[in-house]
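Every number here is computed from the coordinates shown, using simple stated rules; none is lab data. This is a predicted model, so every value here is computed, not measured.
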Amino acid sequence: MPQVTAAVERQIPAPADRVRALVEDYAEARPKILPAQFSDYRLLEGGTGDGTTAAWKLQATKKRVRDVKAVVSKPEPATLVETDQNSSMATTWTVTTSDGGSVVRVQTTWQGATGIGGFFERTFAPGGLRRIYDDMLANLEQLATGQR
């Protein structure tokens, strides 16, 4: 099965510590930054960073809805990984310091389908997911800079 990857990055004019704290906050901040493609968000365990478990529905396309149950791990101080317990999908959030504040990178990978369905998945899914996460990062920027 081929691996499919979608990644997006955004410069946010706010200190990396503040942005990192918002990314790790699944209780208060996360529901505020989710775009319309996310629904039925539930915090199941924890609430901040490592060990947190949350669930949601992700409407990637008109016909495709994923039930995600993400367990959060923090392998490094600047990195957070959401591992979906219902699929091979893993989303890695990285927040680093930059001259203008911080840079946030979101990268999602999963094992794609094979055959013609897999071809279309590898061709179109990354772009759709990048648009979804770009909206999420725009919401994160608004929250981090006090506009939301």
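The equivalent ellipsoid of segment 3-144 has semi-axes of 24, 17, 14 Å, largest first, where each one is the square root of 5 times an eigenvalue of the Cα gyration tensor. Only aspartates and glutamates eight or more places from LYS74 in sequence, or on another chain, were considered; those with a Cα closer than 15 Å are ASP17, GLU24, ASP25, ASP50, GLU82, ASP84. For LYS62, the aspartates and glutamates whose Cα comes closer than 16 Å to its Cα, not counting residues fewer than 8 places off in the same chain, are GLU121.
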